[in-house]
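Worksheet: the structure to be examined is printed underneath.
The values are calculated or read from the model by the stated rules, or taken from the named source; none is laboratory data. Predicted, not measured: the structure shown is a model, and the values here were computed from it. Positions of Cβ are generated from backbone atoms using ideal geometry, with glycine treated the same way; all protein chains shown enter the neighbour counts.
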Amino acid sequence: MAHDAPGTPEAVDAPTRLAKRPPIRRRTPEEARHPPRTVAAAAITTSVGLAMLVAVGALMHQTVLVPPLAATMAIVTATPGSPLAQPRHIIGGHMLSCLVCFAVLTFGWHGPWAAVVACGIACGLVLVLKAAHPPAMATAVMIMLTDPPATRFVPLLAAGAVLLVVVQMVSARLQREIYPTSWW
């Protein structure tokens, strides 16, 4: 149009106004698919670890831990060499998160907003102590939302975290692989 000033929307032609889509991301060579044997071992190890965890949780009437520890098991079996999959991070992350939550609960705070506070404090603490483990933040939220009895919950959480490490250790030995790559 002749009366359009430069820089106005009318002066810019339609194709340049449309947002460009980012190119489709293709798999790079370093993201190669896992061999079928590795996939099968991870699936079996995850199932065995979680079955044991569910059995213990059901006996103690505390199955609330299954979701965060399921995420832990997935990290451990899918990426056993990752720092987040090492015992320090698994056991330390969950236990430190638990400690923070029960400290917050002693102040009488509970519910979703208390979960926000406890999760933030727990996240900072595990980072400072070099025991970061993202599923441990889910543990923090679960504690704050359910307010479980500490005398039953803490031992179950510790046993669950240790159990998952042991299951992965056995699986790695059977596959002639190294796990853990570091302890502390």
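Figures for the structure shown
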quantity	calculated
All positions within the stretch 75-89 that are assigned to a loop (DSSP other than H, G, I, E, B), surrounded by fewer than 17 Cβ atoms within 10 Å (Cβ to Cβ) and touching a residue at least 24 places away in the same chain (Cβ under 8 Å)	G81
Check on T139, within 30 Å of R173 (Cα to Cα) and either among the basic types (K, R) or modelled with pLDDT under 90 (or both)	no
L145 vs. criteria under 24 Å from L50 (Cα atoms) and at pLDDT 95 or above	no
